[in-house]
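Below is one structure, written out as structure tokens, with a few remarks after it.
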Amino acid sequence: APRVFSGIKPSGGLTLGNYLGAIRRFVEVQDEGRFETIYCVVDLHAITVWQDPAELRAATREVAAGFLAAGIDPERSILFNQSQVSAHAELGWIFNCVARMGWMGRMTQWKDKAGKNAEAQSLGLFAYPSLMAADILLYHATHVPVGEDQKQHVELTRDIAAKFNHDYGVDFFPLPEPVIEGPAMRVMNLRDGTKKMSKSGESDMERINLTDDADTIARKFQKARTDAAPLPETVAGLEGRPEAKNLVEIYAGLAGITPQAVLDRHGGQGWGAFKPALAELAVETLSPISAEMARLVADPAEIDRLLARGAERARAIAQPILERTFEIVGMIRS
Ligand code: AQP
């Protein structure tokens, strides 16, 4: 079967953005059964910015628990943490020598994260997309389900694969496709509708965490920034109103309906009516997941055991592809 690879960084706890933009889709792809699915907690990516070691360990288990609680089945999918399969770092190095500095410099995520202070960033943060290319191509994955914000990195992966194949005169790495489907793929920050909701954003009030309890979720939506106008009757009326657009899209994503369908129901309402309805829907959708996550993280040894088993299965696919890559490049392996 063709393969799907995708990952999530344990750079903090999971957010509603990770859920609606990524994990929920990962589960659908697994359940469709058309692909062999490989899902990874990408701890090597997390340390491109500083991570406290104890927090990194906890976040790695929390992200793994989030995958499992949302419906990833560790028998049907391969679920592991990246650093346990050293081939990722090894192929990442080779790709650092294939990719060009200019390509990396053009990545919008790099520009957003580095801002005006590129000199002070880790070299790893700059090279991040090259390691991401290795994550995908190490399995010859052809489809990469990601949120809208990661599309550019998947396109860069294609460039790296194409340049490798061209430089070495081989047809070895496939050119993978980003798979972006469904509503509410880009969930924005609750305090600023022009920035995306991130695990590592400054204030906890700007995001919904999958582990937030019902009261916290209600409070965060209550305090979410909005303009004073009521909800419009059509999606065209959301233009130029990023916060309003975001809340409507979150509702649509959670309910599995279109933003227009949300407005058919709620158009004309004020925020005082809509926000509690949104909070109720979010709690209803997320509470079974957060309850299951809490149960899973209470037994870290069991999560670690599952990750180790997943890593073993991942290695069985990755190692021959890495060996062949070394051979193509001209490394002596005996
Ligand atoms: N706000 C979002 N809306 C939709 N999708 C999102 N994703 C992340 N944020 C949103 C999707 O989640 C997957 C995992 O992302 P990641 O953890 O590898 O990196 P990220 O995109 O940098 O995630 P964060 O939450 O913003 O982490 P930090 O703050 O550490 O950088 C990806 O498929 C992504 O599209």
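Things worth noting here:
- Of the set (1) within 12 Å of the ligand (Cβ to nearest atom); (2) outside any loop (DSSP other than H, G, I, E, B); (3) modelled with pLDDT of 95 or more, all apply to Gln109 but (3).
- Residue in segment 201-208 that is modelled with pLDDT under 95 and of a type in the set (D, E, K, R) present: yes
- A single entry from Leu44, Leu14 fulfils the requirement of being under 23 Å from Met205 (Cα atoms) and under 15 Å from the mean Cα position of the chain (by Cα): Leu14.
- Selected residue [more than 14 Å from the ligand (Cβ to nearest atom) and either buried (at least 21 other Cβ atoms within 10 Å of the Cβ) or over 26 Å from Ala120 (Cβ atoms) (or both)] from Glu32, Glu62: Glu32
- Pick from segment 112-140, criterion at pLDDT below 95 and surrounded by 13 or more Cβ atoms within 10 Å (Cβ to Cβ), ranking: farthest from Ile23 (Cα to Cα): Ala118
- Which listed residue is acidic (Asp, Glu) and either under 18 Å from the mean Cα position of the chain (by Cα) or within 12 Å of the ligand (Cβ to nearest atom) (or both), from Glu202, Glu233, Glu239: Glu202
- Flag if Ile72 is without any contact (Cβ under 8 Å) to a residue 60 or more places away in the chain, more than 11 Å from the ligand (Cβ to nearest atom) and outside any helix (DSSP H, G or I): yes
- Any hit, segment 5-19, residues being modelled with pLDDT of 95 or more, away from the ligand (no atom under 12 Å from the Cβ) and in a helix (DSSP H, G or I): no
- Any chance Asp192 is surrounded by fewer than 18 Cβ atoms within 10 Å (Cβ to Cβ) and in the same structural domain as Thr285 (by TED's automatic domain parsing): no
- The residues of segment 23-81 that are among the small types (Gly, Ala, Ser) and closer than 17 Å to Thr211 by Cα, listed by number, are Ala58, Ala59, Ala64, Ala65, Gly66, Ala69, Ala70, Gly71.
- Enumerated helices (runs of 4 or more DSSP H) restricted to segment 199-290, each holding at least 1 residues that are of a type in the set (D, E, K, R), surrounded by fewer than 21 Cβ atoms within 10 Å (Cβ to Cβ) and in contact with a Ser or Thr (Cβ under 7 Å, 6 or more places away or on another chain): 242-255
- Qualifying residue in segment 79-96 (condition: among the polar types (S, T, N, Q), within 26 Å of Met188 (Cβ to Cβ) and either more than 14 Å from the ligand (Cβ to nearest atom) or modelled with pLDDT of 95 or more (or both)): no
- Positions within segment 163-198 being under 29 Å from Leu296 (Cβ atoms) and in a loop (DSSP other than H, G, I, E, B), in sequence order: Ile180, Glu181, Gly182, Pro183, Ala184, Met185, Arg186, Val187, Asn189, Leu190, Met197, Ser198
The values are calculated or read from the model by the stated rules, or taken from the named source; none is laboratory data. For clarity, every value in this text was computed on a predicted model and none was experimentally measured. A quick note on method: Cβ atoms are made from the backbone with ideal geometry, for glycine too, and the neighbour counts reach across all protein chains shown.
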